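Input: a single structure, listed below in structure tokens.
The values are calculated or read from the model by the stated rules, or taken from the named source; none is laboratory data. Note that the structure is predicted; figures quoted are calculated from it, not measured. Cβ coordinates were reconstructed from backbone atoms using ideal geometry, including for glycine residues, and neighbour counts include every protein chain displayed. These accessible areas exclude ligands, DNA and RNA; they are computed on the full protein's heavy atoms, side chains included. Shrake-Rupley method; radii C 1.70, N 1.55, O 1.52, S 1.80 Å.
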Amino acid sequence: AQSVTQLGSHVSVSEGALVLLRCNYSSSVPPYLFWYVQYPNQGLQLLLKYTTGATLVKGINGFEAEFKKSETSFHLTKPSAHMSDAAEYFCAVSPGSGNTGKLIFGQGTTLQVKP
Amino acid sequence: KAGVTQTPRYLIKTRGQQVTLSCSPISGHRSVSWYQQTPGQGLQFLFEYFSETQRNKGNFPGRFSGRQFSNSRSEMNVSTLELGDSALYLCASSLAGTGVADTQYFGPGTRLTVL
């Protein structure tokens, strides 16, 4: 069965520092992977997704993620954190054929950005 | 283009009552998925509707049900409410051609509190 593990429920960085949020997945089929962000009292907003092709995926707001099949990882990075990046981040995997409309989410990582 | 809308945004009910939540997808989107978000269990998939048919279902009891109308709007119903049903209920829509790799666009959610 597919699953997603996000390492670290809370990550704290200083403004201007590198952001690294970790995500490992388990999938028996080629995965479709997503990163979403959730601000307080809001729904989820897509940051980026990997389906096929280039393993380095660029998203919105300066975020990017690299798909590493050998490591079953899809870590999210941003070179320089802004105060506005403080939010909760979710990694998700689509389970594949026969599981339409379903995403399996990790438990989320809360990003704190210190001034 | 307008995003996914959910009504109501907040709801307070008592145990044993039933509740209906509504979701209007992005224009042209034919798939609607529903998720439950709680601090303990995280984001969990409830079900997905496409062309007025439930196409996929998560592991929730039969008290949770849904439907989709011909204009793709969807409703979910929870009967005989329990305290543990208190959660943020998120609706997401997608084009749903193939289904598994489609980007899901989320609404702001309905916050249900069961007293």
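I'm checking my understanding of the structure. Among residues of the range B:59-73 that are small (G, A, S) and over 11 Å from B:F47 (Cα atoms), which one is most open to solvent (accessible area, probe 1.4 Å)?
My answer is B:S70.
Which of the residues belonging to the range A:9-44 are surrounded by fewer than 18 Cβ atoms within 10 Å (Cβ to Cβ) and not in a strand (DSSP E or B)?
A:S9, A:E15, A:G16, A:A17, A:L18, A:S28, A:V29, A:P30, A:Y39, A:P40, A:N41, A:Q42
Give me the residue from the range A:56-115 that is basic (K, R) and touching a residue at least 24 places away in the same chain (Cβ under 8 Å) and, out of that set, surrounded by the most Cβ atoms within 10 Å (Cβ to Cβ).
It comes out as A:K78.
Residues B:Y10, B:Y35: which one is open to solvent by less than 10 Å² (accessible area, probe 1.4 Å), at pLDDT 95 or above and closer than 23 Å to B:G84 by Cα? Spell out the reasoning first.
Working: B:Y10 fails: open to solvent by less than 10 Å² (accessible area, probe 1.4 Å).
Unique residue meeting the criteria: B:Y35.
Quick check on my filter: what residues within the range A:93-109 are more than 7 Å from every other protein chain (Cβ to nearest Cβ) and part of a loop (DSSP other than H, G, I, E, B)?
Listed by number, the residues that qualify are A:P95, A:G98, A:G106.
Identify the single condition in (1) under 19 Å from A:Q112 (Cα atoms); (2) out of contact with any helix residue (DSSP H, G or I) (no Cβ under 9 Å at 6 or more places or on another chain); (3) open to solvent by 50 Å² or more (accessible area, probe 1.4 Å) that A:Q6 does not satisfy, given that it satisfies every other one.
(3)
Please go through (1) in contact with a strand residue (DSSP E or B) (Cβ under 7 Å, 6 or more places away or on another chain); (2) within 24 Å of B:F106 (Cα to Cα) for A:S84 and return the number of the only condition it doesn't satisfy.
It is condition (1) that A:S84 fails.
Would it be correct to say that B:R55 is more than 18 Å from A:V93 (Cβ to Cβ), more than 8 Å from chain A (Cβ to nearest Cβ) and either charged (D, E, K, R) or open to solvent by less than 50 Å² (accessible area, probe 1.4 Å) (or both)?
No: the conditions fail for B:R55.
Please state which one of B:S72, B:S27, B:S22 is more than 10 Å from every other protein chain (Cβ to nearest Cβ), touching a strand residue (DSSP E or B) at 6+ places or on another chain (Cβ under 8 Å), not in a strand (DSSP E or B) and not basic (K, R).
Going through B:S72, B:S27, B:S22 in turn, just one is more than 10 Å from every other protein chain (Cβ to nearest Cβ), touching a strand residue (DSSP E or B) at 6+ places or on another chain (Cβ under 8 Å), not in a strand (DSSP E or B) and not basic (K, R): B:S72.
With respect to B:G3, is the statement that it is modelled with pLDDT under 95, in contact with an Asp or Glu (Cβ under 9 Å, 6 or more places away or on another chain) and either surrounded by 13 or more Cβ atoms within 10 Å (Cβ to Cβ) or within 12 Å of chain A (Cβ to nearest Cβ) (or both) true?
Criteria not met by B:G3.
Could you look through the range B:75-115, keep only residues that are of a type in the set (G, A, S) and more than 11 Å from chain A (Cβ to nearest Cβ), and pick out the one that is nearest to the chain's Cα centre (by Cα)?
Pass one, the range B:75-115, residues of a type in the set (G, A, S): B:79, B:84, B:86-87, B:92-94, B:96-97, B:99, B:101, B:107, B:109.
Filter once more, keeping what is more than 11 Å from chain A (Cβ to nearest Cβ): B:79, B:84, B:86-87.
Values: B:S79: 14, B:G84: 16, B:S86: 14, B:A87: 12 Å.
Looking at the filtered set, the residue picked out is B:A87.
I'd like the full set of residues that are assigned to a loop (DSSP other than H, G, I, E, B) and under 24 Å from B:V4 (Cβ atoms), limited to the range A:45-59.
Correct list: A:T51, A:G59.
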